[in-house]
Amino acid sequence: MPSEKHDFIVSAIVRKIRQDGFRVIYLDGKYQDIDTEKFDIPPKIINHKPDVIGEKESIFFCIGEAKTKNDLLSERTKNQIIDFLTIVRLSSGNKLVLGIPLNAKENLEKLLIELGIVNQKQIEIICIPEELLPYEEEI
């Protein structure tokens, strides 16, 4: 079950995707915004379901994925990024938006270097300051 922090980051990704001209077509999580439109859960992309999928002009798409600091240490996250980027690279109009807490930026940068994914034009990273995220005790 996604945390409030995760849902908050997903909401930021949705807003960014919309600002970039994509229409949200799939969403997994609670979208914390004014409109309460219902979306279907995203299908698997290779082996993983993203948090958000948007489309533009019926030919380009955007995959959005929210990660907490601890998520970035998992093997699953590595595999998700590889799967999502494999599909995003099929067209220059596609993009991958990764949303993270600001205090996880260094972890994400290390992960992307480890995966050989540096300075990719099709990847956008949204960093949200901890002060803006819902407070949750670490377990």
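The values are calculated or read from the model by the stated rules, or taken from the named source; none is laboratory data. Here the structure is a predicted model, which is why all the values come from computation and not from measurement. Note that we place each Cβ from the backbone using ideal geometry, even for glycine, and neighbour counts take in every protein chain shown.
Does Ile59 qualify as being surrounded by fewer than 22 Cβ atoms within 10 Å (Cβ to Cβ), among the aliphatic types (A, V, I, L, M) and touching a Gly at 6+ places or on another chain (Cβ under 8 Å)? So that I can check it myself, show each step before the final result.
On the way: surrounded by fewer than 22 Cβ atoms within 10 Å (Cβ to Cβ): yes; among the aliphatic types (A, V, I, L, M): yes; touching a Gly at 6+ places or on another chain (Cβ under 8 Å): yes.
Against the criterion (surrounded by fewer than 22 Cβ atoms within 10 Å (Cβ to Cβ), among the aliphatic types (A, V, I, L, M) and touching a Gly at 6+ places or on another chain (Cβ under 8 Å)), Ile59 qualifies.
Restricting the first residue to the range 52-81 and requiring it to be closer than 19 Å to Asn103 by Cβ and free of Cβ contacts under 8 Å to residues at least 40 places away in the same chain, which pairs with a second residue that is of a type in the set (A, V, I, L, M) and surrounded by 17 or more Cβ atoms within 10 Å (Cβ to Cβ) meet a Cβ separation below 6 Å and a spacing of at least six or different chains?
Once the first residue is closer than 19 Å to Asn103 by Cβ and free of Cβ contacts under 8 Å to residues at least 40 places away in the same chain and sits in the range 52-81, its partners that are of a type in the set (A, V, I, L, M) and surrounded by 17 or more Cβ atoms within 10 Å (Cβ to Cβ) give Lys69/Ala104; Leu72/Ala104; Leu72/Leu108; Leu72/Leu111.
Among the listed residues Ile25, Ile45, identify the single one that is touching a strand residue (DSSP E or B) at 6+ places or on another chain (Cβ under 6 Å) and modelled with pLDDT of 90 or more.
Ile25
Give the residue, chosen from Ile53, Ile81, Ile100, Ile63, that is within 10 Å of the chain's Cα centre (by Cα), in a helix (DSSP H, G or I) and within 19 Å of Ile13 (Cα to Cα).
Working: Ile53 fails: in a helix (DSSP H, G or I); Ile100 fails: in a helix (DSSP H, G or I); Ile63 fails: in a helix (DSSP H, G or I).
Selected residue: Ile81, the only one of Ile53, Ile81, Ile100, Ile63 that is within 10 Å of the chain's Cα centre (by Cα), in a helix (DSSP H, G or I) and within 19 Å of Ile13 (Cα to Cα).
Scan the range 65-76 and give yes if some residue there is of a type outside the set (Val, Ile, Thr) and in contact with a Lys or Arg (Cβ under 7 Å, 6 or more places away or on another chain), otherwise no.
no
For residues that are under 21 Å from Asp83 (Cβ atoms) and in a loop (DSSP other than H, G, I, E, B), scanning just the range 28-42, find the one that is modelled with the lowest pLDDT.
Gly29
Hey, can you tell me all the residues within the range 87-97 that are surrounded by fewer than 17 Cβ atoms within 10 Å (Cβ to Cβ) and not in a helix (DSSP H, G or I)? Working first, answer last.
Here is the first cut: in the range 87-97, the ones surrounded by fewer than 17 Cβ atoms within 10 Å (Cβ to Cβ) are 87, 89-93.
Within the range 87-97, Arg89, Leu90, Ser91, Ser92, Gly93 meet the criteria.
Suppose we keep only residues that are loosely packed, with under 11 Cβ neighbours inside 10 Å, more than 21 Å from Ser11 (Cα to Cα) and out of contact with any helix residue (DSSP H, G or I) (no Cβ under 8 Å at 6 or more places or on another chain) within the range 107-137. Which one would you say is modelled with the lowest pLDDT?
So the residue we want is Asn119.
Quick check on the range 113-128: of everything there that is within 14 Å of the chain's Cα centre (by Cα) and either assigned to a strand (DSSP E or B) or among the hydrophobic types (A, V, I, L, M, F, W, C) (or both), which residue is farthest from Val88 (Cα to Cα)?
If we take residues in the range 113-128 being within 14 Å of the chain's Cα centre (by Cα) and either assigned to a strand (DSSP E or B) or among the hydrophobic types (A, V, I, L, M, F, W, C) (or both), then Ile128 is farthest from Val88 (Cα to Cα).
For the range 53-91, what are the residues that are of a type in the set (Ser, Thr, Tyr) and modelled with pLDDT under 95?
The answer is Ser58, Thr68, Ser74.
Test Phe84 against the stated conditions and say whether it is buried (at least 20 other Cβ atoms within 10 Å of the Cβ), free of Cβ contacts under 8 Å to residues at least 60 places away in the same chain and not charged (D, E, K, R).
So Phe84 passes the test.
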